[in-house]
Each structure stands twice: as C-alpha cells, then as structure tokens.
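Below is one structure, written out as structure tokens; the observations come after it.
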Amino acid sequence: MPIVMKGSEVAAAMKEDMVKKVSELKAKGIVPKLAILRVGSRADDLAYEKGAIKKMADIGIECEVHELAQDVGQKDFEAEFNKINSDKSVHGILMFRPLPKNLDENAVLEVIQPHKDSDCMCNANIAKVFSGDLSGYPPCTAQAVIEMLDYYKIDLTGKRVTLVGRSMVVGKPLAMLLLKRNATVTMCHTRTKDLAGTCRGGEILIAAAGKARMITADMVSEGAVVVDVGINVDENGVLCGDVDYDAVEGKTSYISPVPRGVGSITTSVLAKHVLRGAGAQFN
Ligand code: NAD
C-alpha cells in the first residue's frame, strides 16, 4: 500500500515552527497580522477565507477582513487597498482574484509592498520565483506542494517530474520551484500530445489541471509519487481531485488525497508568508 501524504501532518509540522516565530515576533512587540481583501461574496472565496481565518487564529496571527461590494468602483477599491498597504500593523495581504470585470487589478499590483504580497501577485515576487531567488513569496499553492514533498522526504534531485497544468497560479511557478531543487521537469497542458505516455515517464507526477479524475491508472508508472493539486466537484456533486484516486492508488509509492491533501497546506504557507513579511518589515 502507498504512503498517503496527508496535508494535516504537514500543516501540524509547519505549525510548530510558526508558533515559535510568533512568540519571537511578539517578544519584539510585533503582532503579526493578515488583511484579507474580498470584493463580493463568491462561495469559493468565502470557503477559503474561513479556512484562512481559522489557520491564522490557530497560529496566533491576527486577521482582518475587508469586504467590498461586488459593484464597488475603482476609486473606492484602490482607496481600501492603499489603506491596507500602508497600514504598518498589516504584514500580509490576501486579495481574492479574479476581481469583478470592472476593476483593474494592475493599479494595485503595481503598488503593493512586496513583503506584504503573501500570495505572489506582484511582478517583483513573480520575477524572484522565475529567477530562482527564494527570498520572495511564491504562490501559496505551488509552495504547498514543495512543503508536502519535503515533509515526506521525497528527494527531487535529478528526478523526472511530470507536471500537468501551466497556470501562473500553480503550474508555472511550481515548475520553477522544482527546477530550483534540480528536478528534471516536464510540463503538460491541453495541447500536449501523448499525455498518458508523458505522465507515465514521471517518477513524480503532479496534477494541477482542474479536471475531475483525469489522471487514470494507465497514466501512472509503477511506484510513482503522485501529488494531486486539483479541487473539483464531479457530476454527482462530490469533491474530488484531478487523480482517479481509487484506480491509481495501488500503483503508487506515495499519493496525496483530495480533500485533506495539498489544499490543507495552502493556508499554512500563507501564514508562513505573513510571518516572513512581519520579520522583513521589522528589519
Ligand atoms: P487553470 O484552469 O488556470 O489551469 C489549468 C491548467 O491545466 C492549464 O494550464 C491547462 O492547460 C491544463 N489543463 C487543463 N485541462 C487539461 C487536460 N485535460 N490535459 C492537460 N492539461 C490540462 O487552473 P489552476 O488555477 O492552475 O488550478 C488547477 C487546479 O488546482 C484546479 O482544480 C484548482 O481548483 C486547484 N487549485 C487548488 C488550490 C489548493 O489550494 N489546493 C489552489 C489553487 C488551485
């Protein structure tokens, strides 16, 4: 049977470290704080927000939610953003995207203080990820995959890693983080020919496509490590990943489930980034 990579175990290990950091910061008179900026009330955003609030409380990070109406104008949106961005008591910002179509996000992404950019929205942090500079703040989900592989001591050096998905939120930045660990990365996407064969070529297979159970047993090599980033709802309304877990599990050496896999680590990475932001602001 494979080892099931549980997000809760990774998050618990990360928490230990972060609780120590919180007390170090508090000893210096800094109370770490995350500000969440949400426009409208999309169900996905509200679910993530609830998880983020719970995680911050659990670690000892303050959290404030700034909620704007779906039809807020550009001027009021920017004013609220700038208030948070210049507030010295705030060390990290999570802004839900995509924003409503009438809002221009570039106006705020050009001014966000990089150390408050906890989920890698601005060019300065994106450039760091893509140039292999680890001093920035990579996207939380991409970093969560690395945290999971590290926790389970999956050595990446020289390994063939096949990654399905090339979005700017997960696939591309994750490829950069994997390269930084000297993995041999192959990226797949909707135009990839022989997707099954390319996936089988991976000693480590990471699915981030957003297609329910698209990774089937014939796409997985014997003994592979399989990480599932996808969060989907299937035709029966059941939450599932991109991997057909029941069919694939038997072939793997390690596999992450959905739910309770990578998704459970994302808010821990967010918390880690807020703490780094607080340290950076202090220094
Ligand atoms: P996206 O739609 O922006 O990108 C999907 C990528 O997968 C694209 O590059 C596309 O080319 C590729 N793709 C789609 N269908 C494919 C197919 N049939 N074959 C090959 N490639 C295919 O999605 P995203 O924002 O990168 O998210 C990907 C998945 O990860 C989603 O299920 C999303 O819900 C999930 N996600 C999870 C977390 C988390 O916290 N665990 C965070 C963000 C996203």
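The values are calculated or read from the model by the stated rules, or taken from the named source; none is laboratory data. Nothing here was measured: the structure is a model prediction, and the numbers come from that model. Note that we place each Cβ from the backbone using ideal geometry, even for glycine, and neighbour counts take in every protein chain shown. The area values use the complete protein model at the heavy-atom level, side chains included, leaving out ligands, DNA and RNA. Shrake-Rupley method; radii C 1.70, N 1.55, O 1.52, S 1.80 Å.
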Filtering the range 1-35 down to residues that are more than 22 Å from Phe282 (Cβ to Cβ) and not in a helix (DSSP H, G or I), which residue is most open to solvent (accessible area, probe 1.4 Å)?
Met1
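Say whether the condition of being of a type in the set (S, T, N, Q) and either in contact with a strand residue (DSSP E or B) (Cβ under 7 Å, 6 or more places away or on another chain) or closer than 27 Å to Cys122 by Cα (or both) is met by at least one residue in the range 160-178.
yes
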Give me the helices (runs of 4 or more DSSP H) completely within the range 86-202, filtered to those with at least 3 residues that are buried (at least 21 other Cβ atoms within 10 Å of the Cβ) and within 12 Å of the ligand (Cβ to nearest atom), ordered by residue number.
140-151, 171-180
Select from the range 203-262 the residues that are open to solvent by 50 Å² or more (accessible area, probe 1.4 Å), within 10 Å of the ligand (Cβ to nearest atom) and part of a strand (DSSP E or B) and list them in ascending order.
Val233
If Ala278 meets every condition in (1) more than 11 Å from the ligand (Cβ to nearest atom); (2) free of Cβ contacts under 8 Å to residues at least 40 places away in the same chain; (3) hydrophobic (A, V, I, L, M, F, W, C) apart from one, which number is that one?
(2)
